[in-house]
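The values are calculated or read from the model by the stated rules, or taken from the named source; none is laboratory data. In this text the structure is predicted, and so the values were computed from the model without any measurement. Here the Cβ positions follow ideal geometry from the backbone for every residue, glycine too, while neighbour counts run over all protein chains shown.
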Amino acid sequence: MKGLFISVEGTDGAGKSTQIDLLLEYLKAKGVDVIYTREPGGTYISEKIREIILDTDNEGMEGACEALLYAASRAQHVREKIVPAINEGKMVICDRYVDSSIVYQGVARGLGVDAVKAVNEFAIGGVMPDLTLFFDLTVEESVKRKKNMGSLDRIEKESFDFHKKIYDGYVALAESDPVRIKRIDASKPVEEVHAQVLKVLEGLI
Ligand code: TYD
C-alpha cells in the first residue's frame, strides 16, 4: 500500500513547527505510521548541504547557487528518505518541499518560477506531495512573531519586502493549485489552527 506524502509550507514565523509537533502527536496517538522530515535536510548529505545554505558566513552566495543547493539537497532527500517511506506505506510529513523553492528562490529572489521549476523537476523526478498545508499568516504578523524568536539565520535576516514577496508567492501558488494546496488560517490561536489542520486531513487518516 502506498503511503501519503504531506508537505507543510509557509513564511518564516507562521507557526509551522508548533503545528507539526501537534499533528505528529495526534497521528502517533492514533497509531498512524508517520515519519517527520524537513527541508533543506532530512538525510546526512542533505543536512550537510543545509549547513552550507544557512551559514551566515555565506552572505555572498549567488541566487542560482542557492537554488541549486536547495534542489540538490531535495534530490537526495526524496530518493533516500521520502520515496522509500511512501513505498513502505508510511505517512510522510515534510517541513517544506518544492513550493518553498518556487516561492523563495523563484519569486522572492527573482530567479523566475519557470527556471526554479525546471531545476526542481530534475531534482524530484515527478514526486509531488499528495497534500500541502499552507500556513497563511500575513507578513506583518510574521515579523511580530519573529522578533520573539531569538537569533535569526541568514535567510531570516532578509528584509520585510523579501518576506512580502514570499507571502504573495505562496498565496498565488495556493490559488493556482487549490486541490493540492490547502490554506490554513495561521493567525488564529494554536488549538484552532490545529483543528483546521485535522479538518483538512479528515478522511485521509
Ligand atoms: P528553517 O530554519 O528550516 O526555517 P523554517 O523553520 O522557517 O522552515 O530554514 C529554512 C529556510 O530556508 C527558510 O527560511 C526557508 C528557506 N528555504 C528556501 O529558501 N528554499 C527552499 O527550497 C527551502 C526548502 C527552504
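Can you tell me which of (1) away from the ligand (no atom under 12 Å from the Cβ); (2) within 22 Å of residue 160 (Cβ to Cβ); (3) charged (D, E, K, R) is the one residue 79 doesn't meet? Of everything listed in (1) away from the ligand (no atom under 12 Å from the Cβ); (2) within 22 Å of residue 160 (Cβ to Cβ); (3) charged (D, E, K, R), residue 79 misses just condition (2).
The number of residues in segment 30-44 that are more than 15 Å from the chain's Cα centre (by Cα) and within 16 Å of the ligand (Cβ to nearest atom) comes to 1. Please verify whether residue 37 is in contact (Cβ under 8 Å) with a residue 40 or more places away in the chain, over 17 Å from residue 102 (Cβ atoms) and in contact with a helix residue (DSSP H, G or I) (Cβ under 8 Å, 6 or more places away or on another chain), treating the condition exactly as stated. For residue 37, the condition - in contact (Cβ under 8 Å) with a residue 40 or more places away in the chain, over 17 Å from residue 102 (Cβ atoms) and in contact with a helix residue (DSSP H, G or I) (Cβ under 8 Å, 6 or more places away or on another chain) - is met. Each residue in segment 4-29 was checked for being modelled with pLDDT under 95 and away from the ligand (no atom under 16 Å from the Cβ), and 0 pass. Restricted to segment 105-140, and to residues that are touching a residue at least 60 places away in the same chain (Cβ under 8 Å) and out of contact with any strand residue (DSSP E or B) (no Cβ under 9 Å at 6 or more places or on another chain), which residue is farthest from the ligand (Cβ to nearest atom)? If we take residues in segment 105-140 being touching a residue at least 60 places away in the same chain (Cβ under 8 Å) and out of contact with any strand residue (DSSP E or B) (no Cβ under 9 Å at 6 or more places or on another chain), then 139 is farthest from the ligand (Cβ to nearest atom).
Which one is surrounded by the fewest Cβ atoms within 10 Å (Cβ to Cβ) among residues in segment 1-29 that are within 12 Å of the chain's Cα centre (by Cα), among the aliphatic types (A, V, I, L, M) and outside any helix (DSSP H, G or I)? Selected residue: 6.
Would it be correct to say that residue 74 is modelled with pLDDT under 95 and touching an Asp or Glu at 6+ places or on another chain (Cβ under 9 Å)? It is false that residue 74 is modelled with pLDDT under 95 and touching an Asp or Glu at 6+ places or on another chain (Cβ under 9 Å).
Here is a yes/no grid of residues against (1) at pLDDT 95 or above; (2) over 18 Å from residue 97 (Cα atoms):
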site	(1), (2)
150	no, yes
159	no, yes
162	no, yes
171	yes, no
176	yes, no
180	yes, no
185	yes, yes
192	yes, yes
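Residue selection: residue 69 fails the criterion of being more than 10 Å from the ligand (Cβ to nearest atom) and either at pLDDT 95 or above or closer than 30 Å to residue 31 by Cα (or both).
For segment 181-204, the set of residues classified as among the hydrophobic types (A, V, I, L, M, F, W, C) and outside any strand (DSSP E or B) consists of 186, 190, 193, 195, 197, 198, 200, 201, 204, listed by residue number. You will find that of 86, 102, 93, 52, the residue that is near the ligand (Cβ under 9 Å from one of its atoms) and either of a type in the set (Val, Ile, Thr) or outside any helix (DSSP H, G or I) (or both) is 102 and no other.
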